[in-house]
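*Asks:* Below you will find the structure I want to go over with you.
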Amino acid sequence: MPLVLWAFCLGVLDTVLCSYSEDQCSWRGSGLSQESGSVEQISLHCAEGSLEWLYPAGALRLSLSPRLPMSTAAKGKSPRQVTTCIKPSSTFRGAQIYLERNGILELLLSEADASLRPRVHCFTWQPQEKVALFLQSTLHQDISRRIAAFRYELRGDWNSRLSLTSSNLSMEGACRPCNDTEILMAICTSDFVIRGNIRTVSNDVEMQESIISVSAMRIHRQKFTLFQPVGKSSKSTGSIHTLLRCGVKPGPGSFLFTGWLHFGEAWLSCAPRYKDFRRIYEDAHQAHENPCEVSLD
């Protein structure tokens, strides 16, 4: 972070403008309405949302502080850590994004990087840290075609679910098979639980992702309509993402696919063969150790 920019940030605090979105989840505004050299303060309080800055001018400072569920807040619990991910739009122009952590700025997304294929950028922070996103407009003679827009997601252990983000997907254990306990918890807490067969697997080398095309035999749960019937067939199909380095290949047999939504895409968590899941579930059921009930075929 250049010292000149940080000095600029400190020097304009007396001209800060305050703005809040109507739904506290997303914000849309224009640099044309900002005072010259001002920093507009924005505060959003949802686990996911979006920001769209038309004709960027000056700077924005975005604070993300999701409100905890009533049940969690009542128990006095706070998350041990929060993972924030941002995904720039394919037309992101006119600004660059810095991570402000305890008063220090670190470049998170440059305008040049954003002009390439949009990639998800993630960072993890502790609740006691003072964290914000600082958007600094870049100089252009013509700002009429400049729009800095991105979506964001926050994940933490306040919702009793694993954080599925690009940052912890890259950890060493991301591709290891789930153990019995993890499988049972995934069945209860995942955004989707689908019994199905692998149709095809396509690899995206640039994004380092594999996309698994799945034919669903039974949809136990899906947060949104990820799997839909195709044509006259009663079977539903959909796609699930995972890391390229996990080496997923098509094979025979049915699986129980579980996972999370990440910027509207399904990402794989645990995927035991269905016969293995059935054995694990029935053993836990007999021992009265299964965390939730699931209808078996």
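Each value in this text was obtained by applying a stated rule to the coordinates, not by laboratory testing. Source: prediction; values computed, not measured. Positions of Cβ are backbone-derived with ideal geometry, glycine not excepted, and every protein chain shown enters the neighbour counts.
*Asks:* For Ala216, what is the net charge nearby, where nearby means another residue's Cβ is under 10 Å from its Cβ and Lys, Arg count +1, Asp, Glu -1? Numbers along the way, then the final one.
*Replies:* Working: positive: Arg195, Arg218, Lys235; negative: none.
Every neighbour counted, the sum reads +3.
*Asks:* Now, a different point. For region 166-286, take the convex hull of the Cα atoms, compute a quarter of its surface area, and give me that in nm², please. Spell out each step's value before the answer.
*Replies:* Working: hull surface 31.2 nm².
Average projection, Cα convex hull of region 166-286: 7.8 nm².
*Asks:* Only sites in a loop by DSSP and with at most 15 other Cβ atoms within 10 Å count here; which trypsin sites (Lys or Arg not before Pro) in region 189-245 make the cut?
*Replies:* Working: sites: Arg195, Arg199, Arg218, Arg221, Lys223, Lys232, Lys235, Arg245; in loops: Lys223, Lys232, Lys235.
Those satisfying the criteria are Lys223, Lys232, Lys235.
*Asks:* Loop only by DSSP, 16 or fewer other Cβ within 10 Å of the Cβ. Give me the trypsin sites (Lys or Arg not before Pro) in region 96-130 that pass, ordered by residue number.
*Replies:* On the way: sites: Arg101, Arg119, Lys130; in loops: Arg119, Lys130.
The qualifying sites are Arg119, Lys130.
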